[in-house]
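**Student:** Below: one structure in structure tokens.
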Amino acid sequence: AGVNPKFRQFIINIAQANHRFTTKLQRRASGRVTDAVIRPLNEERAVQAAADLLGELFAFTVAGAALVYEVQRNARGEAKKEEKRQLELAEVRRNHEKMEKEIEEMKQRYCVLHEELSKPLTAQINKPKGLAWLFNYMCFQNAAEKIQ
């Protein structure tokens with residue numbers, strides 16, 4: 001600010017504008033008159049105020065950038081977690097479908113085995129042998145009802 005007169009005047013104007021704004025804001029907040037004339041800062045105080053303002057602006061910019069970075073990093077982490085959950089859910093669904101197919105195959109094998117095992121009994125029952133035949137037939141029917 002001491003070397004370049006254009007830059008010095010630029011930061012003095014910024015400091016004066018900031019001084020007017022904050023003074024009016026303070027007066028409105030306290031309920032005083034805002035139309036009163038606001039005395040400008042002297043050059044040294046204006047340069048110091050502008051330097052403070054630029055320092056605060058830099059600090060808040062760095063803090064804001066860090067905040068944005070953390071939010072984006074967190075969002076990426078959440079997206080990865082969600083993708084992992086979706087993959088796990090798809091795997092569970094595939095396993096469920098596989099198990100359903102296996103159960104269906106087992107049911108079909110059970111039916112085939114049941115038919116194969118029932119054939120000798122059915123052939124034996126179909127041979128009439130008197131009263132013993134009737135008793136075996138009734139036992140077979142009871143057993144068949146229990147299986148179903």
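The values are calculated or read from the model by the stated rules, or taken from the named source; none is laboratory data. All values reported here derive from a predicted model rather than from experimental measurement. As a convention, Cβ positions derive from the backbone with ideal geometry for all residues, glycine included, and neighbour counts pool all protein chains shown.
**Student:** Could you give every pair whose Cβ atoms fall below 8 Å, whose first residue belongs to the range 1-23 and is at pLDDT 90 or above and assigned to a loop (DSSP other than H, G, I, E, B), and whose second residue is surrounded by 12 or more Cβ atoms within 10 Å (Cβ to Cβ) and of a type in the set (Asp, Glu), counting only separations of at least 6 or pairs across chains?
**Tutor:** Listed pairs, sorted by first residue: none to list.
Conditions tested, residue by residue: (1) under 30 Å from Phe10 (Cβ atoms); (2) under 17 Å from the mean Cα position of the chain (by Cα); (3) surrounded by 10 or more Cβ atoms within 10 Å (Cβ to Cβ); (4) at pLDDT 95 or above.
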site: Val47; (1), (2), (3), (4): yes, no, yes, no
site: Leu54; (1), (2), (3), (4): yes, no, yes, no
site: Ala59; (1), (2), (3), (4): yes, no, yes, yes
site: Gln86; (1), (2), (3), (4): no, yes, yes, yes
site: Glu91; (1), (2), (3), (4): no, no, yes, yes
site: Asn95; (1), (2), (3), (4): no, no, yes, yes
site: Glu102; (1), (2), (3), (4): no, no, yes, yes
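**Student:** Has the range 35-44 got at least one residue that is assigned to a helix (DSSP H, G or I) and either in contact with a strand residue (DSSP E or B) (Cβ under 8 Å, 6 or more places away or on another chain) or surrounded by fewer than 11 Cβ atoms within 10 Å (Cβ to Cβ) (or both)?
**Tutor:** yes
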